[in-house]
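The values are calculated or read from the model by the stated rules, or taken from the named source; none is laboratory data. Note that the structure is predicted; figures quoted are calculated from it, not measured. Methodologically, a virtual Cβ is constructed for each residue, glycine included, from the backbone with ideal geometry; neighbour enumeration extends over all protein chains shown. With ligands, DNA and RNA removed, areas are computed over all heavy atoms of the protein, side chains included. Shrake-Rupley method; radii C 1.70, N 1.55, O 1.52, S 1.80 Å.
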Amino acid sequence: MAHYSTEDIASYISETRLRLSEQGEQLTDSRALERIEDFVFSLDKSQLCSHEENSRLIERLFLALRSEMDILQPLVDDKDISEIMVNGKDNIFIERAGRMEKLPLAFDTTENLEELIRRIAGKVHREINELNPIVDARLSDGSRVNAVFRNVAVNGPILTIRKFPGEVMTMADLIRNGTLSLDAARLLELLVQSGYNCFVSGGTSSGKTTLLNVLAQLIPPHERVVVIEDSIELQIKQVENIVRMECRSGNSHGKGAVDMAMLVKTSLRMRPDRIIIGEVRGGEVFHMINAMNTGHSGSLSTGHANSISGMLKRLEAMFMQAVDYPVQAIRSQISEGIDVIIHMTRQSDGQRKVVEIAELDSVVDNVIVTNTLYRCDTGLTGSRIIHREKLPDEYRNPEKGDNDDKRLLEI
């Protein structure tokens, strides 16, 4: 039995693309599939190939010409897959239920993979080429995409897709899947609704953005919220007065870039009640802390770190990228701006978990003192919230309250 080589498939993709474009009509997917089938069965080689081989070719041509994501489209559509990783044209991996696996799947040519990357970047008005070899973008469903061109990536173009969940997760979902306990959920709900500035820290793929999205759903619907992200991911549906802004890369001449720091700075002039920053990575921390210290209570953000203490050190370093302040002043600004840090980890079995919730108290002997409120292994620690000014009256004065949840009243 004969088979179709990668050279054959690349040639057929070009030929069928030309034939379909010559039709001069808006084809439905079903009509396009019919034309592709007619083309395949008109090939002399189709008579020498098996039915399965011809069917695979038809599917390959259809995905290349009619789907947004080429051969990755079935993976993007699979709700059980959380991440897709393409390491050059021949190595495609996925994460499913927290486990990594390699698929028996490959792009026909490196050029096909590069064309897909360019197409993704172009749809969000970004470009990737040898002069701009790295791009961050998003798919139409909101999934996050990072790509690296082959002049930088030694083993060929790299494409990583962090899938966007079809349904917005809720606090109940996080409790159900073991990410956090009921007590931790109630504590976070109290903190967010009371207007505490909360910062979510954690390693890569630890669930920071998912938790941020859940916390954002707790914001009272009457407030004005400004959301700033590298690529739009958060889904905040209960707030009507919302402004969403997205960073933009510069063109091939380095012009037109709009970074996170610029957006955070301009957001302060928009009269927000709260500012939500998808993730801080650099000097924008200065503007974020400034916002948290000037009346924008209840602001939220995330950052990469392996522990709460590690996050505080990273925040200091990022703060220094923007301004030349004494370390003592920087630590004072951080401890006064951020009220609570929530730390997450990704367990060895793939489970994402909130492992610690700590209040930032003050700076003593040039060290930021934290007050741990919750640990995943012991639950609520019994420590009371030190800074109680933002809490509702019944929590600041438990004897006045009429609330049955004594454990939270005692925090």
(request) Return only the number of the condition from (1) in a helix (DSSP H, G or I); (2) open to solvent by less than 60 Å² (accessible area, probe 1.4 Å); (3) over 26 Å from S231 (Cα atoms) that A106 does not satisfy. (result) (1)
(request) Search region 133-147 for residues that are under 16 Å from I94 (Cβ atoms) and pair each with any residue that is at pLDDT 85 or above and in a strand (DSSP E or B) when their beta-carbon atoms are under 6 Å apart and the residues are at least 6 apart or on different chains. (result) S143/I161; R144/R162; V145/I161; N146/T160
(message) For region 21-40, which positions are within 15 Å of S67 (Cβ to Cβ), at pLDDT 80 or above and surrounded by 13 or more Cβ atoms within 10 Å (Cβ to Cβ)?
(response) A32, L33, I36
(request) Quick one: A185 ticks every box in (1) over 20 Å from the mean Cα position of the chain (by Cα); (2) in contact (Cβ under 8 Å) with a residue 24 or more places away in the chain; (3) buried (at least 17 other Cβ atoms within 10 Å of the Cβ) except a single one, so which number is it? (result) (2)
(request) Considering only region 116-150, state which residues are among the charged types (D, E, K, R) and open to solvent by 80 Å² or more (accessible area, probe 1.4 Å). (result) R118, K123, E130, R150
(message) Looking at E83 and the list (1) within 22 Å of the chain's Cα centre (by Cα); (2) exposed (fewer than 15 other Cβ atoms within 10 Å of the Cβ), which single condition is not satisfied?
(response) (2)
(request) Could you check how many residues of region 121-171 are at positive phi and in contact with a Phe, Trp or Tyr (Cβ under 8 Å, 6 or more places away or on another chain)? (result) 1
(request) Could you pull out the residue among V40, V86, V76 that is touching a residue at least 60 places away in the same chain (Cβ under 8 Å) and part of a helix (DSSP H, G or I)? (result) V76
(request) Considering each of S205, S194 in turn, give the residue that is within 22 Å of S82 (Cβ to Cβ), among the polar types (S, T, N, Q) and open to solvent by 10 Å² or more (accessible area, probe 1.4 Å). (result) S205
(request) For residues that are open to solvent by 20 Å² or more (accessible area, probe 1.4 Å) and modelled with pLDDT of 95 or more, tally how many sit in region 291-305. (result) 1
